[in-house]
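Quick notes on the structure that follows.
The values are calculated or read from the model by the stated rules, or taken from the named source; none is laboratory data. Keep in mind it's a predicted model, so treat the numbers as computed, not measured. Cβ atoms come from the backbone with ideal geometry, glycine included; neighbour counts cover every protein chain shown.
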Amino acid sequence: MATVLIVDDDPDFVETTRLVLEAHGHEAMMAADGDEALAKIRATPPDVVLLDVMMRSILEGVHVSQELWADQDLRRIPVVMVSSIANTQHAEMFPVGEELNIDGFLTKPIKAETLLKEIARLTGRRK
């Protein structure tokens, strides 16, 4: 199964997501912000990164995805943005197009089935 890094500053979301992933045979790693995520990714690259958009700053997750894309060794790791930014006053700040190098986008709250299908799609594994 896949190793998934959950990057989010909401401990409830992290715990719920961890429980869903582990119940379905995946290994979960956790990071509460972009700096911690980048350090963990560089130390032990996961199979997939679930990356919140808004953490310490409004677009912190976007900056992390750009850093991953800029690193030839890390850009192969699929990144799924996970956010509720579309439901906030910051929605218009979210970039679209070439500056957003991600492999998927899921809007919070996420159904377990949707999350598992996305992990399977990105890792080439059956659910």
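Quick one: is I85 modelled with pLDDT of 95 or more and either surrounded by 15 or more Cβ atoms within 10 Å (Cβ to Cβ) or farther than 15 Å from I41 by Cβ (or both)?
Against the criterion (modelled with pLDDT of 95 or more and either surrounded by 15 or more Cβ atoms within 10 Å (Cβ to Cβ) or farther than 15 Å from I41 by Cβ (or both)), I85 does not qualify.
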> Going by the structure shown, is L106 surrounded by 15 or more Cβ atoms within 10 Å (Cβ to Cβ) and at pLDDT 95 or above?
Replying inline: no
> When segment 21-75 is examined, which residues are found to be within 15 Å of D8 (Cβ to Cβ), at pLDDT 95 or above, touching a strand residue (DSSP E or B) at 6+ places or on another chain (Cβ under 6 Å) and not hydrophobic (A, V, I, L, M, F, W, C)?
Replying inline: K40, P46
